[in-house]
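For reference, the structure is listed below as structure tokens.
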Amino acid sequence: MANHLLLPRVNPMKWLSVFRLLLPVAASSVLIACGPADNAAQTSASNEAAVPSPVTVASPESTGDVQDESVRLNAWFEEKYEEELAFSPIQQTFLGVTDNNDQIDDFSLEAQLEQLNWKRDSVTEMRVNFNYEQLNADAKISYDLWEYQLAASEAANQFRINGYVFEQMSAVHSFFPQLLIAFHTVEDADDMQAYVSRIEATEVALDQLITLSQEAAAAGVRPPRFAFDSVIDSASQIITGAPFTEGEDSAIWADTQQKIATLREAETINQAQADELANAARTALVDHWQPAYERLIAWQQEDIVNASEISQGVGALPDGEAYYNERLANQTTTDLTADEIHQIGLDEVARLKAEMEVIRNSVGFDGDLKAFFAMLRDSKDDQRHYYPDTDEGRQAYIDDATAAIENIKAKLGAYFGILPKADLEVRRVEAFREQPGAAQHYFPGTPDGSRPGIYYAHLSDMTAMPKGELEVIAYHEGLPGHHMQIAIQQELESVPTFRTQAGFTAYSEGWGLYSELLAREMEGTYTDPYSDFGRLGSEIWRAIRLVLDTGLHAKNWTEEQAVQYFLDNSAITEAQARSEVQRYMVMPGQATSYKIGMLKIQELRGKAEQALGDKFDIRGFHDAVLGGGAVPLSVLETMVDQWVAQVQRG
């Protein structure tokens with residue numbers, strides 16, 4: 001199914017929100033309002049963080065016309081964006097900036113608090129120096145979003161000990177080799193030396209993360225036991241093979257040698273330089289990289305015995321209920337309660353199962369819906385439903401996914417005025433982080449287009465990749481889904497740069513899920529009834545998430561109970577179901593964002609169609625949704641309402 005993964009999950013622009021446990025800068029439990037005073041006042045039940053009231057100033061600059069004040073604020077945002085970006089060399093690498101490509105972020109608690117204090121100071125400075133009432137509508141949104149990000153950090157600060165440091169989904173320990181292999185560009189000897197420096201710096205980063213994990217464990221916060229097993233296994237894989245052990249080259253050493261060889265072949269370096277760089281890299285790997293991963297493995301092996309034998313949701317942990325409420329508000333950008341979200345999920349599951357019955361009848365299947373699920377799930381050797389579990393089958397999957405995306409690409413002009421410039425590739429997940437049945441995911445390219453967006457597929461077990469789900473995944477992760485939304489956002493020139501890099505899960509994943517249904521309106525999609533059933537399967541998957549996430553964390557559901565509910569209400573395999581349930585258990589609240597976001601976008605489209613009648617233009621609606629970058633759902637509603645009013649005025 002189309003899933004967001006959660007390495008810099010659909011979005012490396014949210015690097016800090018994924019791996020900096022304190023500072024989820026792009027989401028919050030605070031509800032944004034039209035003005036800054038209301039914004040500061042609206043907090044969720046789980047977030048009583050003090051946010052100072054805005055100050056209206058009267059200076060020669062701020063009493064000028066609206067355009068002048070807005071331009072001045074936007075220039076200030078550019079300065080602050082550069083200051084904030086300086087906190088994260090990794091974020092800079094994602095964006096194609098090479099100034100600090102020999103460094104890795106500081107993961108210590110002290111560094112996190114330093115950034116939080118910086119954000120507090122910046123909001124105070126903004127309120128003192130800019131008059132909100134003198135801003136145009138778009139500048140007001142930017143102002144609100146800057147405040148919103150602080151409120152997110154303040155809310156997270158109350159629960160900084162509750163987040164799991166090491167687990168199988170964000171898998172920060174597996175991200176370090178991925179950073180070097182997939183994102184660290186090497187064009188000359190200096191870049192390669194920076195690569196070596198980052199190998200050494202990984203030791204410091206891992207030790208800082210181990211310290212945070214130990215502090216959480218001392219407070220009684222540990223992930224489920226399966227997360228320990230996954231971390232131990234994947235960390236061991238990273239340091240298996242040369243130069244760490246006998247056998248084939250490890251992934252990181254193979255990449256090191258390939259990058260050096262490429263420089264040598266291009267005659268960018270001579271043989272002596274190549275040998276020197278290879279020796280330096282080998283030393284860094286053996287003396288810094290390997291010992292750090294060995295310490296991580298030792299810590300996980302030591303602490304796993306303290307993890308509960310039975311997997312539990314975060315509600316069973318210290319401050320678990322309040323933490324989960326904060327996570328729900330953070331991820332959905334709404335004030336919906338766990339009970340309300342649970343009921344929405346149950347209602348949507350019932351609606352979608354009724355639509356599934358129509359397709360079951362249309363293909364003439366003799367049996368009930370559960371039997372139809374079982375047939376699709378168990379027909380592993382039927383090439384109508386599954387690819388061969390071979391290298392040829394894996395390549396066929398990549399080729400067919402690429403073809404589905406190319407078909408959509410030809411239709412985009414009829415549905416969007418703003419189109420992405422960046423290219424998109426479909427790739428298999430690297431072997432060192434590939435997991436059978438795990439969620440597919442998307443990594444954005446660079447804003448300048450020098451690196452394409454990448455849709456990654458886990459293909460180690462093709463029996464976990466039904467053919468009927470290929471199209472819907474391609475549309476969600478690629479076009480018109482994540483790649484469409486994120487590439488457009490990164491390429492925006494009409495908003496401050498920080499808004500081109502902001503991320504709100506309910507918005508981005510809501511768009512991804514909406515895109516699965518939108519694709520059905522385009523010619524040449526879901527022509528096979530089993531593919532259309534796969535689309536419904538993907539949507540019911542997200543409805544099930546509402547039930548299971550809240551069930552696990554707020555209603556004491558067990559892992560086995562959640563897996564069985566999944567199997568009873570969808571056609572996914574047991575491997576997929578267990579992978580998903582274990583994902584929800586280590587990422588509380590995140591899985592609720594998809595369906596909540598989709599429902600809001602559908603609601604806004606319906607309102608716009610009703611208000612505008614014949615004047616409704618699907619391209620204009622989509623441009624209104626995508627043209628301001630990722631925002632909380634309440635802000636999205638304001639933006640769409642403004643577009644509707646503009647069309648009505650003519």
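The values are calculated or read from the model by the stated rules, or taken from the named source; none is laboratory data. No experiment lies behind these values; they were computed from the predicted model shown. All Cβ positions, glycine included, derive from the backbone under ideal geometry; neighbour counts span all protein chains shown. Protein only, heavy atoms only, side chains kept; ligands, DNA and RNA dropped before computing areas. Shrake-Rupley method; radii C 1.70, N 1.55, O 1.52, S 1.80 Å.
Could you check region 352-370 and list, in sequence order, the residues that are more than 14 Å from Gly537 (Cβ to Cβ) and either in contact with a strand residue (DSSP E or B) (Cβ under 6 Å, 6 or more places away or on another chain) or surrounded by 12 or more Cβ atoms within 10 Å (Cβ to Cβ) (or both)? Of everything in region 352-370, just one residue is more than 14 Å from Gly537 (Cβ to Cβ) and either in contact with a strand residue (DSSP E or B) (Cβ under 6 Å, 6 or more places away or on another chain) or surrounded by 12 or more Cβ atoms within 10 Å (Cβ to Cβ) (or both), namely Phe365.
Results for (1) open to solvent by less than 30 Å² (accessible area, probe 1.4 Å); (2) assigned to a helix (DSSP H, G or I), shown as yes or no for each residue.
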| position | (1), (2) |
| --- | --- |
| Gly315 | no, yes |
| Tyr324 | yes, yes |
| Asn330 | yes, yes |
| Leu336 | no, no |
| Ile344 | no, yes |
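Of the candidates Ala371, Ala410, Ala403, Ala396, the single residue that is more than 29 Å from Tyr456 (Cα to Cα) and among the hydrophobic types (A, V, I, L, M, F, W, C) is Ala371.
Counting the residues of region 475-490 that are farther than 11 Å from Tyr514 by Cβ, in a helix (DSSP H, G or I) and in contact with a Phe, Trp or Tyr (Cβ under 6 Å, 6 or more places away or on another chain) gives 2. Within the set Leu180, Leu209, the sole residue that is closer than 30 Å to Arg264 by Cα and open to solvent by less than 30 Å² (accessible area, probe 1.4 Å) turns out to be Leu180.
Among the residues of region 83-117, just one is in contact with a Leu (Cβ under 9 Å, 6 or more places away or on another chain) and free of Cβ contacts under 8 Å to residues at least 12 places away in the same chain, namely Gln92. Pairs are defined by a Cβ separation below 9 Å, a sequence spacing of at least 6 or placement on different chains, a first member in region 331-349 that is within 19 Å of Leu567 (Cα to Cα), and a second member that is charged (D, E, K, R) and surrounded by fewer than 19 Cβ atoms within 10 Å (Cβ to Cβ); the pairs so defined are His342/Lys555. Checking the stated criteria, Tyr195 turns out to be at pLDDT 95 or above and assigned to a helix (DSSP H, G or I). Looking at region 285-303, which of the residues that are surrounded by fewer than 16 Cβ atoms within 10 Å (Cβ to Cβ) and hydrophobic (A, V, I, L, M, F, W, C) is farthest from Ala151 (Cα to Cα)? If we take residues in region 285-303 being surrounded by fewer than 16 Cβ atoms within 10 Å (Cβ to Cβ) and hydrophobic (A, V, I, L, M, F, W, C), then Val286 is farthest from Ala151 (Cα to Cα). When each of Glu425, Glu430, Glu406 is tested for being under 23 Å from Phe175 (Cβ atoms), modelled with pLDDT of 95 or more and out of contact with any Asp or Glu (no Cβ under 9 Å at 6 or more places or on another chain), the lone residue that passes is Glu425. Residues that are modelled with pLDDT of 95 or more, over 30 Å from Glu493 (Cα atoms) and among the hydroxyl-bearing types (Ser, Thr, Tyr): does region 435-455 have at least one? No, there is no match, as no residue in region 435-455 is modelled with pLDDT of 95 or more, over 30 Å from Glu493 (Cα atoms) and among the hydroxyl-bearing types (Ser, Thr, Tyr).
Please go through region 255-284 and pick out each residue that is part of a helix (DSSP H, G or I), touching a residue at least 12 places away in the same chain (Cβ under 8 Å) and either within 24 Å of Gln168 (Cβ to Cβ) or open to solvent by 20 Å² or more (accessible area, probe 1.4 Å) (or both). If the condition is that a residue be part of a helix (DSSP H, G or I), touching a residue at least 12 places away in the same chain (Cβ under 8 Å) and either within 24 Å of Gln168 (Cβ to Cβ) or open to solvent by 20 Å² or more (accessible area, probe 1.4 Å) (or both), then Asp255, Gln257, Lys259, Ala261, Thr262, Gln273, Ala278, Ala280, Arg282 are the ones that fit. State whether one or more residues within region 547-567 are farther than 29 Å from Ala439 by Cβ and of a type in the set (A, V, I, L, M, F, W, C). For region 547-567, residues farther than 29 Å from Ala439 by Cβ and of a type in the set (A, V, I, L, M, F, W, C): absent.
Can you pull out the helices (runs of 4 or more DSSP H) entirely within region 522-637 that have at least 2 residues that are of a type in the set (Ser, Thr, Tyr) and either open to solvent by less than 20 Å² (accessible area, probe 1.4 Å) or at pLDDT 95 or above (or both)?
Details: elements: 529-554, 559-569, 574-586, 593-612, 618-626.
Answer list for region 522-637: 529-554, 593-612.
When the test is whether a residue is open to solvent by 30 Å² or more (accessible area, probe 1.4 Å), closer than 30 Å to Ala307 by Cα and hydroxyl-bearing (Ser, Thr, Tyr), Ser236 passes it.
Within region 83-98, the only residue that satisfies the criterion of being crowded, with 18+ Cβ neighbours inside 10 Å, outside any helix (DSSP H, G or I) and among the polar types (S, T, N, Q) is Ser88.
Here Ala139 qualifies as outside any loop (DSSP other than H, G, I, E, B) and over 17 Å from Ile304 (Cα atoms). Within region 131-141, being closer than 16 Å to Val495 by Cβ and either of a type in the set (D, E, K, R) or crowded, with 21+ Cβ neighbours inside 10 Å (or both) holds for Leu135, Asp138, Ala139, Lys140, Ile141.
The set of residues from region 99-126 being within 16 Å of Asn74 (Cβ to Cβ), open to solvent by less than 20 Å² (accessible area, probe 1.4 Å) and of a type outside the set (A, V, I, L, M) comprises just one member, Ser122. Would you confirm, using the coordinates I've provided, whether Thr240 is among the hydroxyl-bearing types (Ser, Thr, Tyr), farther than 30 Å from Met587 by Cβ and modelled with pLDDT of 95 or more? The answer is no for Thr240. Is it the case, given these coordinates, that Glu248 is within 24 Å of Ala201 (Cβ to Cβ), open to solvent by 50 Å² or more (accessible area, probe 1.4 Å) and acidic (Asp, Glu)? No; evaluated as a whole, the condition is false for this residue.
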